[in-house]
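Step one of this worksheet: look at the structure below.
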Amino acid sequence: MKKLTAVLVFVLFAGAAFAQKDSLAFDENNKYIYYQVVQQPGTIKDTLFNRAQYFFKKADPATALSLLSMHEEEDSRTKEKSFALMGSGKFLVSKKTLLTSHEDGSVSFTLRIDIRDGKYRYWLTDFVFNPYQRNRYNVYESIPGIYIPLEKPEGKIEKKDLAAYLNGVLTSSLKIGEKLKEYMTKVSAIKKDIGVKKISTKDW
C-alpha cells in the first residue's frame, strides 16, 4: 500500500511539474507569456539562425506568421553574442459548446526567438483578442476597432470565456513550439546570398 501511494504521489507530482512547465505565465511587464528554452548541443548559432528564418517563411501559414525583424545582440553580462528574430501572427479561439462550432475571434501575438551556439529560446506574448460577429451574409468576421489585451479583460470578456480563450492560446502556443522544434532540427532550404559578381570592361 505504501509503495502504491508513493507511486501515485510521484505520478501526480510529475504531472503537476509538466503542467507548470508547459503553461502560460506572467512576465516582468505583467503580460501573459509562453516561454521555453531548448538545448541543442553541437549545433552552431548560424545554422540555428538559418533554420529559424526558414521556420518563419514556411512553417505555419494558418497563423499568418511573419518575420518582422532580425538582428545580432550582445549580452552585457557575459559578452556572449546571439541572434534575435521577431515576428507576429494570430490564431483563432472559441468556446467549445454543444450549440456553437464557430470561432469567437482571433488572438494576435508576437513571437521572439533568441539563438546562441547549442541552444535557443523562444516566447509568445502580447496576446490581444479581436472578437468576431456574424455579418449579413451569415459569415463570421472580425469586429474592427475592438482589440482587448487578455491581461485586461474586465468588463469586455466574461471569466468563463476568458478561461476558454487562454486555454486556446496555450494549445496554439504548444503547437507553434513543437513545429519550431521540428524546423530547428532539420536542414533548411534557404539559399545563401552569393552576391553580385563584378566585371571590369577595361581588361579583355
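The values are calculated or read from the model by the stated rules, or taken from the named source; none is laboratory data. The shown structure was predicted, so the numbers you read here are calculated from the model rather than taken from an experiment. Cβ placement follows ideal geometry from the backbone for every residue including glycine, while neighbour counts extend to all protein chains displayed. In case anyone asks, the SASA skips ligands and DNA or RNA and just uses the protein heavy atoms, side chains included. Shrake-Rupley method; radii C 1.70, N 1.55, O 1.52, S 1.80 Å.
Please go through the range 43-69 and pick out each residue that is at pLDDT 90 or above and open to solvent by 90 Å² or more (accessible area, probe 1.4 Å).
Listed by number, the residues that qualify are Ile44, Leu68.
When residues of the range 119-147 are filtered for being among the charged types (D, E, K, R) and out of contact with any strand residue (DSSP E or B) (no Cβ under 8 Å at 6 or more places or on another chain), how many remain?
Start the filter on the range 119-147 by keeping residues that are among the charged types (D, E, K, R), which leaves 119, 121, 126, 134, 136, 141.
Applying the additional criterion that residues be out of contact with any strand residue (DSSP E or B) (no Cβ under 8 Å at 6 or more places or on another chain) yields 136.
Final tally of qualifying residues: 1.
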